[in-house]
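Worksheet: one structure, shown below.
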Amino acid sequence: MTLTATERPMEEHVTDGDLLSAVADGSTAALESLYRRHASWLTVRLSRRCADPAIVDEVLQDTFVAVWKSAGRYTGQGEPAAWIWGIAIRRLVDAFRRTPPAAYPLYDHVTDLNLIESAEDRVLLGVEHGDLAGALGRLSPELRAVVQATVLDGLTTREAGRLLGVPAGTVKTRMMRARAALRKELAR
């Protein structure tokens, strides 16, 4: 099957912002190009937050359906990748809300912790269920968002700033305040 010029994936030199504008105008080729550019890193980042590949795949598809439907709402402020990530993380939260709590394994005993394969998994378990979860929960939403973006997602200060829509210096300041607040909470 031969694709017409309007059906071919967009050229690599086209910016993500231009692609979003084309998607808003109904271009499936632009959507395909966005998918090719962003699906792999979205999958990796979503997998850091969710161990179920079926949920990650569902969220990835839901994300690009939402991009298709709402591309016209992209204002051009901030990076398109950060805008797409914002959609993806909201879709992941929605997927978690739809999944019954019994589907998530709980680790109540020290012996259960031996089932966890990596140090990162142990830290994330502490973030979700331990003292750190309570301390993170008591942070302001702005500070918590910076901790999640830089520590849990592994973003640089600049990337976190783009994602959150704040300058990199603000990310650094908020992270400094978050560390101080977490030290204080965990010292109790």
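Rule-based calculations on the coordinates, nothing more; no lab input. Here the structure is a predicted model, which is why all the values come from computation and not from measurement. We place every Cβ from the backbone using ideal geometry, glycine too, and count neighbours over all the protein chains shown.
Label separation (Gln61 vs Asp94): 1.4 nm, computed from points 7 Å beyond Cα along the C-beta direction.
The modelled label-to-label distance between Arg73 and Thr156, using points 7 Å beyond Cα along the C-beta direction, is 3.0 nm. Across segment 16-98, the mean sequence separation of Cα contacts (distance under 8 Å, 6 or more residues apart), normalised by length, yields a relative contact order of 38 percent.
Please find the FRET efficiency linking Lys172 to Ser40, where r is the Cβ-Cβ separation and R0 is fixed at 30 Å, and quote it to the nearest 0.05.
Taking R0 as 30 Å, the efficiency between Lys172 and Ser40 is 0.55.
Near Val56, once Lys and Arg are set to +1 and Asp and Glu to -1 for all other residues with Cβ below 15 Å from its Cβ, the sum equals 0. A simple rule links phi to the HN-Hα coupling: the Karplus curve 6.51 cos²θ - 1.76 cosθ + 1.60 with θ = phi - 60°, which for segment 43-52 gives 4, 4, 5, 5, 5, 5, 9, 9, 7, 8 Hz, with x for Gly and Pro.
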